[in-house]
1. Just checking, does the stretch 16-29 include any residue being open to solvent by less than 50 Å² (accessible area, probe 1.4 Å), within 27 Å of residue 194 (Cα to Cα), touching a Pro at 6+ places or on another chain (Cβ under 8 Å) and part of a strand (DSSP E or B)?
2. Taking the stretch 296-330 only, how many residues are surrounded by 14 or more Cβ atoms within 10 Å (Cβ to Cβ) and touching a Phe, Trp or Tyr at 6+ places or on another chain (Cβ under 9 Å)?
3. Of everything in the stretch 438-450 that's in contact with a strand residue (DSSP E or B) (Cβ under 6 Å, 6 or more places away or on another chain) and closer than 16 Å to residue 283 by Cβ, which residue is most open to solvent (accessible area, probe 1.4 Å)?
4. List every residue pair whose Cβ atoms sit under 7 Å apart, with the two residues 6 or more apart in sequence or on different chains, where the first one lies in the stretch 275-287 and is at pLDDT 95 or above and the second, anywhere, is open to solvent by 80 Å² or more (accessible area, probe 1.4 Å) and of a type outside the set (Val, Ile, Thr).
5. Identify all residues within the stretch 422-433 that are within 20 Å of residue 251 (Cβ to Cβ), of a type outside the set (Gly, Ala, Ser) and open to solvent by less than 40 Å² (accessible area, probe 1.4 Å); write none if there are none.
6. Spot the failing condition for residue 333; the list is (1) of a type in the set (Gly, Ala, Ser); (2) farther than 26 Å from residue 264 by Cβ; (3) at pLDDT below 95; (4) surrounded by fewer than 12 Cβ atoms within 10 Å (Cβ to Cβ), and only one is missed.
7. What pairs come out if I take residues in the stretch 100-122 that are farther than 14 Å from residue 133 by Cα and pair them with residues that are open to solvent by 60 Å² or more (accessible area, probe 1.4 Å) whose C-beta lies under 7 Å away, six or more apart or interchain?
Amino acid sequence: MFPPFPQERAQKLCLSMIRQLEEGALVLQQVTQLSEERAGIGIMLGALICTDADGNEITLKTASGFSRALSPQFEDDAIYVPPVITPDQIERAIAANDDAIHALTARIDALAQQNSGAPADEAQKKSLIEERLTLTQESVAKVYALYSFHCADGSTRSLFDICAERCGGKYPPTGTGDCCAPKLLDYAFSHGLTPVSMCEVFYGRGTPHKKSGTVYPPCDDRCGIILPAMLGLDILYRDNDIIVVNKQSGILSVPGKTEKDCIVNRVRRLFPQCIEQPAVHRLDMETSGLLVLAFTKEAHRNLNKQFEAGTVQKEYVALVDGVLPAKKIPAHGTMELYFRVDLDNRPHQMWDEVHGKKAVTEWQIQDVETYYAPDGSRRKVTRVHFIPHTGRTHQLRLASADSHGFGVPIIGDTLYGHCEQGERLMLHAQYLSFTHPTTGERMEFRSKADF
């Protein structure tokens with residue numbers, strides 16, 4: 001995943017830790033018994049520079065995992081952050097099933113050594129393996145139940161809650177929550193600190209994928225699950241001028257009349273140096289996908305001009321609640337529709353060929369597929385690729401639902417269709433391209449829909 005905060009200052013601290021380890025001024029203490037497969041393997045070192053409520057800088061340092069801990073051999077103003085869960089807590093969680101699992105393993109090994117091939121022995125071995133798997137899964141669930149993380153908004157979220165949202169409820173990879181980044185941020189958010197710079201550097205014997213002294217971003221398979229939930233933002237790119245995020249369905253892009261939780265306020269909370277109004281475009285609350293925001297007034301002005309000039313390219317994917325080819329709708333085309341706000345039913349838009357604003361939408365039918373609804377029912381739907389050439393309110397939802405367009409709503413559309421319990425609007429901004437407001441480089445971003 002993309003590093004959520006600037007790395008440069010924290011990187012210097014990480015490299016300083018490596019020098020101190022090599023000189024003996026800093027020691028990696030073995031806290032738990034080291035497994036044979038991990039013996040001699042390197043470790044990630046992490047540093048996070050924060051500010052407190054009074055503007056004072058606080059430095060946090062840590063090492064990945066929970067089997068080794070950094071121990072300074074000198075007076076150090078930094079705070080050395082412990083694991084989110086201690087080894088003792090993990091040992092207590094797995095103790096209940098540990099003896100039974102070892103006993104089952106011994107019986108399984110004994111049957112394997114006999115290698116009789118008799119159906120009764122094979123059936124018994126299979127039964128023992130299934131019994132051991134059940135106990136092992138119980139132990140894993142007890143360990144994961146211990147993990148919870150303090151978030152940027154002041155809340156605390158359990159690992160199970162995060163995985164239900166981001167992994168479909170599946171268990172995350174082993175070690176999730178033990179990397180440097182979630183440890184550092186959990187400590188920072190639990191103490192009301194604001195992150196300024198964060199970095200992780202690998203130290204020790206290298207692997208095919210890691211080299212000692214090299215900076216690596218937070219990992220995709222573990223931190224990619226936890227950090228977006230802790231930060232409240234799925235950050236795809238960030239520099240001193242702009243930030244690109246992958247907005248989840250169900251959150252506003254900008255503050256509403258009564259609802260203040262939105263992408264803009266989440267960005268400003270994490271990056272206090274951000275201008276008051278960083279938004280240059282928006283997605284509907286129910287729509288997910290790519291958003292670019294500006295940190296500076298100059299970047300905001302430049303991006304606004306690009307949107308006004310139509311040089312920003314956007315593409316969407318949607319699941320339309322019907323079979324479009326059966327309605328004789330061409331596989332590819334462009335439509336021009338005219339809509340204005342329905343003054344008696346805001347925020348709905350209504351067809352008005354005289355006073356409405358022109359909305360130009362290109363489409364490409366990708367596939368007809370089976371949709372499995374939350375209630376267990378299934379039906380045929382159409383996956384459509386949309387390219388809006390204008391930026392009108394609800395443009396794609398109307399292109400689909402209105403009788404002047406497809407006449408078939410997007411699944412989960414609360415305004416122009418129907419949304420079942422547990423359903424969301426199946427509309428996702430999957431591609432965004434613009435010119436960087438400072439460097440002049442053409443930037444391209446892609447985000448795969450989760451439907």
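The values are calculated or read from the model by the stated rules, or taken from the named source; none is laboratory data. On a predicted model such as this, the values are computed, not experimentally measured, just so you know. For neighbour counting, all protein chains shown are included, and Cβ atoms are generated from backbone atoms with ideal geometry for every residue, glycine included. Keep in mind that these areas ignore ligands, DNA and RNA; they rest on the heavy atoms of the full protein, side chains included. Shrake-Rupley method; radii C 1.70, N 1.55, O 1.52, S 1.80 Å.
1. So far as the stretch 16-29 goes, yes, one or more of its residues are open to solvent by less than 50 Å² (accessible area, probe 1.4 Å), within 27 Å of residue 194 (Cα to Cα), touching a Pro at 6+ places or on another chain (Cβ under 8 Å) and part of a strand (DSSP E or B).
2. Residues that pass the stated criteria total 16.
3. Step by step, filter the stretch 438-450, then rank; the result is 446.
4. So the pair list comes out as 275/297.
5. Scanning the stretch 422-433 gives 423, 425, 426, 427, 428, 432.
6. (3)
7. Sorted first by the residue in the stretch 100-122, then by its partner, the pairs are 111/124; 121/114.
One line per residue, one yes/no per condition, for (1) surrounded by 18 or more Cβ atoms within 10 Å (Cβ to Cβ); (2) of a type in the set (Gly, Ala, Ser); (3) closer than 30 Å to residue 269 by Cβ:
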| position | (1), (2), (3) |
| --- | --- |
| 48 | yes, no, yes |
| 56 | no, no, yes |
| 65 | yes, yes, yes |
| 71 | no, yes, no |
| 77 | no, no, yes |
| 91 | no, no, no |
